[in-house]
Amino acid sequence: MDIKDFLLHLNQGNTVEGGSEIHRMMHDVAREALKLTAELNGHYHSPEEIRELFSKLIDKPVDETFSMFPPFYTDCGKNISVGKNVFINSGCRFQDQGGITIGDGTLIGHNVVLATLNHELDPNKRSTIHPAPIVIGKNVWIGASATVVPGVSIGDGSVIAAGAVVTRNVPENVIVGGVPAKIIRKIENS
């Protein structure tokens, strides 16, 4: 199995059985991501070097407007797509096997967690994994220490309050907050 087959399996939302070939591939990909994030997080890098290392991690080029403050953590990396003018602040953790898409102009605060995998509830099958993508629209602001769970989409222009746990889709141009996150108010565009 190669990386394309691996990502195709995950992006189709197919279950990953514990101990299967795809599960072992998941661990191989994670080891590569751990090496690259150790390099990214190990010492100071210029913005250009950060973009280069992040591009290597996600296996595709990022725009010159992309910016990040390490440290950054992921256990895959290969299923992340970022738009233009995206900023990722320090301490973020992306579990991207299920796919993470980040739209243009998005700001992601300190220590944000984006998780795209759920484990089987049956304790006898707990190592079985269910991927589901996270899709973040354009000009979204995700506040510090927020968590977004598998299968959630966040609409353009919305704000996720610091510390929120987002368990369902967020429409465009709203502020959500709390655990679980609920709409606090609508954002009026000027």
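The values are calculated or read from the model by the stated rules, or taken from the named source; none is laboratory data. These numbers were taken from a predicted model, which means no experiment stands behind them. Note: ideal-geometry Cβ built from the backbone for every residue, glycine included; neighbour counts use all protein chains shown. Heavy atoms of the whole protein, side chains included, go into the accessibility calculation; ligands, DNA and RNA do not. Shrake-Rupley method; radii C 1.70, N 1.55, O 1.52, S 1.80 Å.
Provide the per residue accessible area, probe 1.4 Å, for the chain, rounded to a whole number of square angstrom.
51
Could you pull out every residue, at least 5 positions away or on a different chain, whose amide H is within less than 5 Å of the one on Val170? Hs are placed 1.01 Å off N in the peptide plane, and Pro or chain starts have none.
Residues meeting the amide H criterion: Ser153, Ile154, Gly155.
Obtain the nm distance between the two label points defined at Arg126 and Glu52 by a simple spin-label model: each point lies 7 Å from its Cα along the Cα-to-C-beta direction.
The answer from the label model is 4.4 nm.
Set the Förster radius R0 to 45 Å, insert the Cβ-Cβ distance between Asp28 and Glu188 as r into 1/(1 + (r/R0)^6), and round the FRET efficiency to 0.05.
Efficiency, rounded to the nearest 0.05: 0.40.
What is the set of long-range amide H partners of Ser145 at a cut-off below 5 Å, with H atoms built 1.01 Å from backbone N?
Sorted by chain and number, the residues that satisfy this are His110, Asn111, Val112, Gly163.
Across region 12-18, in residue order, what do the Karplus-derived ³J(HN,Hα) couplings come to in whole Hz, using 6.51 cos²θ - 1.76 cosθ + 1.60 with θ = phi - 60° and x for Gly and Pro?
Going residue by residue, I get 7, x, 6, 5, 10, 6, x Hz, with x marking Gly and Pro.
Mind pulling up the Rg/Rh value for region 35-127? Radius of gyration and Kirkwood radius, both on Cα.
That ratio is 1.02, to two decimals.
Report the Cα-based extents of region 110-165 along its three principal axes, largest first, to the nearest Å.
41, 18, 12
Using the Karplus curve 6.51 cos²θ - 1.76 cosθ + 1.60 with θ = phi - 60°, what ³J(HN,Hα) values do you get for each residue of region 30-37, in whole Hz, with x for Gly and Pro?
4, 4, 5, 5, 5, 5, 5, 5
Rounded to the nearest 500, what is the 222 nm mean residue ellipticity of the chain from helices alone, with -39500 (n - 2.57) per DSSP H run of 4+ residues and division by all residues?
That comes out to -7500 deg cm²/dmol.
Output needed: percent of Cα pairs per 10 Å distance bin for the chain, bins running from 0 to the one holding the longest distance.
Reading the bins upward from 0: 10, 37, 35, 17, 2, 0.
In the calculated pair distance distribution of region 92-190, what percentage of Cα-Cα distances lie above 16 Å?
For region 92-190, the fraction of Cα-Cα distances above 16 Å is 54 percent.
Hey, what do the phi angles of region 55-68 turn into as Karplus ³J(HN,Hα) couplings, whole Hz, using 6.51/-1.76/1.60 and θ = phi - 60°, x for Gly and Pro?
Computed from phi, the couplings for region 55-68 are 4, 5, 4, 8, 6, 7, x, 10, 5, 5, 8, 5, 9, 8 Hz.
Magnitude of the Cβ-charge dipole of the chain, K/R +1 and D/E -1, about the Cα centre, nearest 20 debye?
540
Measure off, as a whole percent, the carbon and sulfur share of the 1.4 Å-probe accessible area of the chain, all protein chains present.
Carbon and sulfur together cover 53 percent of it.
Amide H neighbours of Lys84 under 5 Å, counting only residues 5+ apart in sequence or on other chains, H built in-plane at 1.01 Å?
It is Asp104, Gly105, by chain and number.
Using the Cβ atoms and a cut-off under 15 Å, what net charge is assigned to the surroundings of Ala115, where Lys and Arg are +1 and Asp and Glu are -1?
Result for the local shell: 0.
Just to be sure I understand: of the beta bridges DSSP finds with both ends in region 123-190, what percent are antiparallel, rounded to 5?
Close to 30 percent.
DSSP beta bridges in region 76-190, what fraction antiparallel, as a percent rounded to 5?
Once the DSSP bridges in region 76-190 are tallied, antiparallel ones form about 25 percent.
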